[in-house]
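J.: Structure in structure tokens, see below.
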Amino acid sequence: TQLSAITVFIAQGVDNTTKGPFTSIPPNICLLPNLQTVDFSNNQIVTVDPTAALTTCFSNVNTLDLSDNYISQFPSYLIYNIPNLQNLYFQNNQLLEVPSYAFYNVSSLNIIDFSYNNLTTFDLWALD
């Protein structure tokens, strides 16, 4: 089908003053089984639902951009299920900590950007 040909999904808001309409990542994104890049930056996402189908449908994703949202809890369960993740952009959210087990199953990361958060806890050994 044509949906399986889509490898890039971008749903950016305009900028920090004109946020996009998304308050969560819609589960129907799983209808795009071959996504490699997912970009929901500059939206109004507060949390990433741990019970959502997202945990099983991002297996081909290598770039995930959730920057410039309002996320305060790092979605470890989602990252754990993206074994091919290479680039993670999570800057300018409201993170306080990144759990030590956050990157347990992810060995191909090249870029992690947590700038402009309120991080007080981040164990670098979790990247080992």
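J.: Of the residues Ser41, Ser4, Ser72, Ser24, which single one is over 17 Å from Phe114 (Cα atoms) and part of a loop (DSSP other than H, G, I, E, B)? Don't jump to the end; show me each part of the working.
T.: On the way: Ser41 fails: over 17 Å from Phe114 (Cα atoms); Ser4 fails: part of a loop (DSSP other than H, G, I, E, B); Ser72 fails: over 17 Å from Phe114 (Cα atoms).
Going through Ser41, Ser4, Ser72, Ser24 in turn, the sole match is Ser24.
J.: Among the residues of region 44-69, which ones are of a type outside the set (Val, Ile, Thr), closer than 15 Å to Gly13 by Cα and assigned to a loop (DSSP other than H, G, I, E, B)?
T.: Gln44, Leu66, Ser67, Asp68, Asn69
J.: Out of region 13-48, which residues are under 11 Å from Asn69 (Cβ atoms) and in contact with a strand residue (DSSP E or B) (Cβ under 6 Å, 6 or more places away or on another chain)?
T.: Ser41
J.: Related question: For region 82-100, which positions are farther than 20 Å from Gln44 by Cα, under 11 Å from the mean Cα position of the chain (by Cα) and assigned to a loop (DSSP other than H, G, I, E, B)?
T.: The answer is Ile82, Leu85.
J.: Still on this structure, please answer the following. Consider Asn81 against the criteria (1) at pLDDT 90 or above; (2) closer than 20 Å to Leu109 by Cα: it satisfies all of them except one. Which criterion is unmet?
T.: So Asn81 meets the others, but not (1).
J.: Please indicate, with yes or no, whether at least one residue in region 46-62 is under 23 Å from Leu109 (Cα atoms), modelled with pLDDT of 90 or more, under 12 Å from the mean Cα position of the chain (by Cα) and surrounded by 15 or more Cβ atoms within 10 Å (Cβ to Cβ).
T.: Checking region 46-62: at least one residue is under 23 Å from Leu109 (Cα atoms), modelled with pLDDT of 90 or more, under 12 Å from the mean Cα position of the chain (by Cα) and surrounded by 15 or more Cβ atoms within 10 Å (Cβ to Cβ).
J.: Just one of (1) more than 23 Å from Asn34 (Cβ to Cβ); (2) within 11 Å of the chain's Cα centre (by Cα) trips up Gln73, so point out which.
T.: (2)
J.: Another question about this same structure. From Ile111, Ile79, which residue is in contact with a Leu (Cβ under 8 Å, 6 or more places away or on another chain), in contact (Cβ under 8 Å) with a residue 12 or more places away in the chain, closer than 23 Å to Asn34 by Cβ and surrounded by fewer than 20 Cβ atoms within 10 Å (Cβ to Cβ)?
T.: One residue alone meets the criteria, Ile111.
J.: Take the residues in region 7-18 that are within 17 Å of the chain's Cα centre (by Cα) and assigned to a loop (DSSP other than H, G, I, E, B); name whichever of them is modelled with the highest pLDDT. Show your work before the answer.
T.: Here is the first cut: in region 7-18, the ones within 17 Å of the chain's Cα centre (by Cα) are 7-13.
Then drop every residue that is not assigned to a loop (DSSP other than H, G, I, E, B), which leaves 7, 11-13.
Working: Thr7: 95, Ala11: 92, Gln12: 89, Gly13: 86.
In this case the residue turns out to be Thr7.
J.: Go through Asn69, Asn93, Asn42 for me and flag whichever is surrounded by 19 or more Cβ atoms within 10 Å (Cβ to Cβ), in contact with a Gly (Cβ under 6 Å, 6 or more places away or on another chain) and at pLDDT 90 or above.
T.: Numbers: Asn69 fails: in contact with a Gly (Cβ under 6 Å, 6 or more places away or on another chain); Asn93 fails: in contact with a Gly (Cβ under 6 Å, 6 or more places away or on another chain).
Matching residue, one of Asn69, Asn93, Asn42: Asn42.
J.: Turning to a different aspect of this structure: How many residues are touching a residue at least 24 places away in the same chain (Cβ under 8 Å) and out of contact with any helix residue (DSSP H, G or I) (no Cβ under 6 Å at 6 or more places or on another chain) if we restrict to region 26-44?
T.: Residues of region 26-44 touching a residue at least 24 places away in the same chain (Cβ under 8 Å): 27, 29-44.
Then drop every residue that is not out of contact with any helix residue (DSSP H, G or I) (no Cβ under 6 Å at 6 or more places or on another chain), which leaves 27, 29, 35-44.
Total satisfying the criteria: 12.
The values are calculated or read from the model by the stated rules, or taken from the named source; none is laboratory data. Only a predicted model underlies this, so the values are computations on that prediction, with no experimental measurement involved. Every residue, glycine as well, gets a Cβ built from its backbone with ideal geometry; the counts of neighbours run over all protein chains shown.
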